[in-house]
Amino acid sequence: MERLGKIFIKKTKKGQGVRRVVREHYLRDDIPTVPDGGWADGPCVVIDTNVALHQIDFLDTTTQTGALKNLVVLQTVLEEVKHRSVPVFTRLRNMVAATNRRCHIFANEHHADTHVTKTPGESANDRNDRAIRVA
């Protein structure tokens, strides 16, 4: 397990002192990257943010009827959708939570092979796009 961390100094609320803040992010290597448990009997479909936002009706209908199987939603996509449209985020979470559908969330932000750190000068949108491509 790999550990990434940020350490910075922050003023207290009263402004009379400073305190050291440590934020740690652990990257796991024990999360499986290949589907197991028998749910992947065909190819997996990994969607990006634009597909989730603009084609949610199609995704909802095709996963409900069984025409689309093995849908994988990345954690990065789920977070971006949550920031842009809460109703679409709710529908996507309901799709994943339904037991009769084959929709799964992959925690790419916490996996050692798929985690992407932000480079200096890179926007948040560019970093998220790169994270989706790496995963």
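Probing with 1.4 Å while keeping every protein chain in the model, the per residue accessible area of segment 61-133 equals 54 Å². Tell me, what % of the accessible area of segment 85-135 is carbon and sulfur with a 1.4 angstrom probe? Whole-percent figure for carbon plus sulfur exposure: 52.
The values are calculated or read from the model by the stated rules, or taken from the named source; none is laboratory data. All values reported here derive from a predicted model rather than from experimental measurement. The accessibility values were calculated without ligands, DNA or RNA, using every heavy atom of the protein model including side chains. Shrake-Rupley method; radii C 1.70, N 1.55, O 1.52, S 1.80 Å.
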